[in-house]
Amino acid sequence: MVTAENLYKILYARYGTTGWWPADSPDEVIVGTILTQNTSWTNVEKAIQSLKEGGPVSLKRICSMSTEDLEVAVRSSGFYRQKAARLKDLACAILRKYGSVEAMAMEAYDETSNFLKNIKGVGQETLDSILLYALGQPVFVVDKYTTRIFQRTGIMDRPDLKSIKSAVHLFLDGDTEALKNFHGMIVYLGKDYCRTRPLCRDCPVNKVCAYAVSNADQSAQ
Ligand code: SF4
């Protein structure tokens, strides 16, 4: 039976160090966590690029931009009115309470986690992404790719947030850089192979994946 640790090792052999999350600063990470909701990363990149036309992406600049200008800048990420409003709320709330992302990163995990989860638009995946990639807290980010891959490979029958996190923290607990990279590798696997219609033939996990093995058995009969 394949485990989360097996998956990590196979993915590391295939992808190595991914450098995920792709951003120039912790501020840009936070902006990206809102923009990526319900859209592809390609659309996020376009929106970030558009924001960069006005200078480096910072919470200070986002907070001081007019809602209209922000909507125009993030339009390519979809749901742009909602995202512009959420971005501005989040940026201004962080600056009001902490003054900067760096200062927020000095606070205790429970304090920042409770603060962030009470801000509109910060769901579990967004919260964990900010905690891990912007604040350097050792938490694992679970997204739709993670759930799909853990289920298809057979690591778990019914993966949920709690069980996935427990399985990953069993072998990567406290290792912030490895936790960052594991999520990055899962994003790549999901984009490259484990799509809605999976491309198992060339997938690096196919020899141990329950879905791929059972489909190969069926086609051999
Ligand atoms: S072998 Fe297929 S089902 Fe399994 S992880 Fe790869 S793409 Fe997904």
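The values are calculated or read from the model by the stated rules, or taken from the named source; none is laboratory data. The structure displayed is predicted, hence computed values, not measured ones. Positions of Cβ are generated from backbone atoms using ideal geometry, with glycine treated the same way; all protein chains shown enter the neighbour counts.
Starting from region 1-24, take each residue that is in contact (Cβ under 8 Å) with a residue 40 or more places away in the chain and list its partners that are surrounded by 15 or more Cβ atoms within 10 Å (Cβ to Cβ) and in a loop (DSSP other than H, G, I, E, B), counting only C-beta distances under 6 angstrom and pairs at least six apart or across chains.
Listed by first residue and then by second, the contacts come to 2/154; 2/155; 2/208; 4/155; 10/204; 10/205; 14/204.
Are any residues in region 110-125 hydroxyl-bearing (Ser, Thr, Tyr) and surrounded by fewer than 20 Cβ atoms within 10 Å (Cβ to Cβ), and if so, which ones?
Result: 113, single match.
Are any residues in region 51-76 assigned to a helix (DSSP H, G or I), of a type in the set (Ser, Thr, Tyr) and surrounded by fewer than 16 Cβ atoms within 10 Å (Cβ to Cβ), and if so, which ones?
Listed by number, the residues that qualify are 64, 67.
Please verify whether region 190-199 includes one or more residues that are within 10 Å of the ligand (Cβ to nearest atom), of a type in the set (A, V, I, L, M, F, W, C) and surrounded by fewer than 16 Cβ atoms within 10 Å (Cβ to Cβ).
The answer is yes, given that some residue of region 190-199 is within 10 Å of the ligand (Cβ to nearest atom), of a type in the set (A, V, I, L, M, F, W, C) and surrounded by fewer than 16 Cβ atoms within 10 Å (Cβ to Cβ).
Scan region 86-109 for residues that are small (Gly, Ala, Ser) and either outside the structural domain of residue 47 (by TED's automatic domain parsing) or surrounded by fewer than 17 Cβ atoms within 10 Å (Cβ to Cβ) (or both) and jot them down.
Of everything in region 86-109, those that are small (Gly, Ala, Ser) and either outside the structural domain of residue 47 (by TED's automatic domain parsing) or surrounded by fewer than 17 Cβ atoms within 10 Å (Cβ to Cβ) (or both) turn out to be 99, 100, 103, 105, 108.
Between 143, 128, which is surrounded by 14 or more Cβ atoms within 10 Å (Cβ to Cβ), closer than 19 Å to residue 187 by Cβ and within 16 Å of the ligand (Cβ to nearest atom)?
Only one candidate passes the filter, namely 143.
Is it the case that region 119-126 has a residue that's without any contact (Cβ under 8 Å) to a residue 60 or more places away in the chain, of a type in the set (Ser, Thr, Tyr) and under 21 Å from residue 44 (Cβ atoms)?
No, region 119-126 contains no residue that is without any contact (Cβ under 8 Å) to a residue 60 or more places away in the chain, of a type in the set (Ser, Thr, Tyr) and under 21 Å from residue 44 (Cβ atoms).
I'd like the residue in region 200-212 that is within 6 Å of the ligand (Cβ to nearest atom) and not small (Gly, Ala, Ser) and, out of all such residues, is nearest to residue 1 (Cα to Cα).
Across region 200-212, the extreme among qualifying residues is 209.
For residue 158, which of the numbered conditions (1) within 16 Å of the ligand (Cβ to nearest atom); (2) over 27 Å from residue 90 (Cβ atoms) fails to hold?
Here residue 158 meets the rest and fails (1).
May I ask you to say which residue of 164, 149 is within 12 Å of the ligand (Cβ to nearest atom), surrounded by 18 or more Cβ atoms within 10 Å (Cβ to Cβ), part of a helix (DSSP H, G or I) and outside the structural domain of residue 85 (by TED's automatic domain parsing)?
The match here is 149.
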